[in-house]
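Please read the structure below before turning to the comments.
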DNA sequence: ACCAAACTACGAACACCTTCGTTGACATTA
DNA sequence: TAATGTCAACGAAGGTGTTCGTAGTTTGGT
């Protein structure tokens, strides 16, 4: 039973994961091309990263084709929550609410977003009753 | 005019910064002792870290005493905001609101915290008018 | 069947992070 | 003053992250 939580993805790894979340399962070439828009990374660099990420369990690899197909093993939301949890522990003394407030205070959220957040709040209050 | 933003503090550096924010300007020994509660770090390790952090500009050093006194060069809030901004860029596609919602959805905030957040929201709505 | 293109695998280089031992200077105390 | 303790500085080691060159294999086109 492997239930160990996955390691926190590094910066380069996160950039790759974002591609996989956005475009779904992809080959190295597809990831590399998608990445080329924002940064200049060599093809073999992306390949190596994906190999390492496979070892770490951050992605799963389908080797049935010649060009292996990679897929993020955790959802974007779950990873985001993990990263937030890490940050809460490391920089906010464990107070998630503190983080939320700090984030809110620098946000220029649109009207719709504010409404969405407010709805979330009401839902929380409901549950904590 | 050195206006470059400071580098993102590493995990070990952040642990030290937290001590400095909490207890104010401190000597290496004081930081080390404070840290001993939570982790096992050698004295010279803390010293080295603080020296590196001085070079990076993360802390400022007062050498007027034999035991140098270190102080965080940025406030806790400013650093927290920087870290949040980094995370927003790296993992949330630049959407701060997205981060807030994700954080909220896993928060067990107390009633008072919810109220505080709600007030912040109203304030934001006020300003965006 | 041959050549060029695309692919994986591997290793190595380099930078950075973290750790700690050692050294030499300075201070305190017996 | 001699011994002991505290301090900053330095270097080095071991780990990890990121990069890419090279080699070898497979595929597709001619």
Filtered residues of the stretch B:53-64 (kept if more than 14 Å from chain A (Cβ to nearest Cβ), part of a loop (DSSP other than H, G, I, E, B) and more than 8 Å from DNA strand D (Cβ to nearest atom)): B:57, B:64
Residue match in the stretch B:31-52 (condition: modelled with pLDDT of 95 or more, over 17 Å from residue A:120 (Cα atoms), more than 14 Å from chain A (Cβ to nearest Cβ) and part of a strand (DSSP E or B)): no
In the stretch A:13-25, the residues that are surrounded by fewer than 16 Cβ atoms within 10 Å (Cβ to Cβ) and part of a helix (DSSP H, G or I): A:22, A:23
Candidate set: the stretch A:68-84, residues that are in a helix (DSSP H, G or I) and farther than 18 Å from residue B:10 by Cβ; chosen: the one farthest from the chain's Cα centre (by Cα): A:84
Qualifying residue in the stretch A:91-108 (condition: in a helix (DSSP H, G or I) and within 16 Å of DNA strand C (Cβ to nearest atom)): yes
Condition met for residue A:28 (in contact with a helix residue (DSSP H, G or I) (Cβ under 6 Å, 6 or more places away or on another chain), under 30 Å from residue B:124 (Cβ atoms) and surrounded by 14 or more Cβ atoms within 10 Å (Cβ to Cβ)): no
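The values are calculated or read from the model by the stated rules, or taken from the named source; none is laboratory data. Just so you know, these numbers come straight off a predicted model, no measurement behind them. Cβ atoms come from the backbone with ideal geometry, glycine included; neighbour counts cover every protein chain shown.
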